């Protein structure tokens, strides 16, 4: 069984979003830009010995839906064991590729998909040899 292991927040103004989430929830941020090759802040939501998951904050890659056009939400990423097999299952069940498989160098394989309802989600296969 696969579990949600990460979430991502997309923002028009990353610094403004960092300020907001730090002020409201006391979250802290770590610069992961060197790993991702673009502006990307890891979000630490609490101590590792407490329940919960950490996330990421990035520049929004496309305009957010206008008011009244649907939900503008966080993207959840699901940890999986075999990227290619999971992608096959997604596509066979009617899902679509949103952003193809990419290496998070030295860390994992990551990609984004649309479910049958048009919702975006990520899959993440840890792999220290990803390049």
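The values are calculated or read from the model by the stated rules, or taken from the named source; none is laboratory data. Model, not experiment: these values are computed from the prediction. Here the Cβ positions follow ideal geometry from the backbone for every residue, glycine too, while neighbour counts run over all protein chains shown.
Looking for something under 15 Å from residue 125 (Cβ atoms) and without any contact (Cβ under 8 Å) to a residue 12 or more places away in the chain - is there at least one such residue anywhere in the stretch 42-56? If you could, list the steps in order and put the result at the bottom.
Let us first name the residues in the stretch 42-56 that are under 15 Å from residue 125 (Cβ atoms), namely none.
Looking for residues that are under 15 Å from residue 125 (Cβ atoms) and without any contact (Cβ under 8 Å) to a residue 12 or more places away in the chain, one finds none in the stretch 42-56, hence no.
Within the stretch 23-42, how many residues are under 11 Å from residue 104 (Cα atoms) and either assigned by TED's automatic domain parsing to the domain that holds residue 109 or at pLDDT 90 or above (or both)?
Summing the residues that are under 11 Å from residue 104 (Cα atoms) and either assigned by TED's automatic domain parsing to the domain that holds residue 109 or at pLDDT 90 or above (or both) in the stretch 23-42 gives 1.
Out of everything in the stretch 20-41 that is in a strand (DSSP E or B) and free of Cβ contacts under 8 Å to residues at least 24 places away in the same chain, what residue ends up being farthest from residue 126 (Cα to Cα)? Working first, answer last.
Taking the stretch 20-41 as the starting set, the residues that turn out to be in a strand (DSSP E or B) are 28-31, 40-41.
Within this subset, residues satisfying the condition of being free of Cβ contacts under 8 Å to residues at least 24 places away in the same chain are 28, 30-31, 40.
Values: 28: 23, 30: 19, 31: 19, 40: 18 Å.
Applying the filter and picking the extreme gives 28.
Got at least one residue in the stretch 78-94 being over 26 Å from residue 130 (Cα atoms) and surrounded by 11 or more Cβ atoms within 10 Å (Cβ to Cβ)? Give the derivation first.
Going residue by residue through the stretch 78-94, those that are over 26 Å from residue 130 (Cα atoms) are 93-94.
Checking the rest, the ones that are also surrounded by 11 or more Cβ atoms within 10 Å (Cβ to Cβ) come to none.
There is no residue in the stretch 78-94 that is over 26 Å from residue 130 (Cα atoms) and surrounded by 11 or more Cβ atoms within 10 Å (Cβ to Cβ).
Among the residues of the stretch 5-19 satisfying the criterion of being touching a residue at least 12 places away in the same chain (Cβ under 8 Å) and outside any strand (DSSP E or B), which is nearest to residue 103 (Cα to Cα)? Outline the logic, then answer.
To start, the set of residues in the stretch 5-19 that are touching a residue at least 12 places away in the same chain (Cβ under 8 Å) comprises 5-12, 14, 17-18.
After this cut, where a residue has to be outside any strand (DSSP E or B) as well, the list is 12, 14, 17-18.
On the way: 12: 25, 14: 23, 17: 26, 18: 25 Å.
Residue satisfying both the conditions and the ranking: 14.
Going through the stretch 15-40 one residue at a time, which ones are under 15 Å from the mean Cα position of the chain (by Cα) and under 23 Å from residue 71 (Cα atoms)?
40
Out of all the residues in the stretch 52-60, is one or more exposed (fewer than 15 other Cβ atoms within 10 Å of the Cβ) and not in a loop (DSSP other than H, G, I, E, B)?
Initial filter on the stretch 52-60 (exposed (fewer than 15 other Cβ atoms within 10 Å of the Cβ)): 52, 59-60.
Within this subset, residues satisfying the condition of being not in a loop (DSSP other than H, G, I, E, B) are 59.
Yes, some residue in the stretch 52-60 is exposed (fewer than 15 other Cβ atoms within 10 Å of the Cβ) and not in a loop (DSSP other than H, G, I, E, B).
If a residue must be more than 15 Å from residue 120 (Cα to Cα), over 14 Å from the mean Cα position of the chain (by Cα) and assigned to a loop (DSSP other than H, G, I, E, B), how many such residues does the stretch 61-91 contain?
6
Being surrounded by 16 or more Cβ atoms within 10 Å (Cβ to Cβ) and over 17 Å from residue 5 (Cα atoms) is the filter here; which residues of the stretch 99-113 pass it?
none
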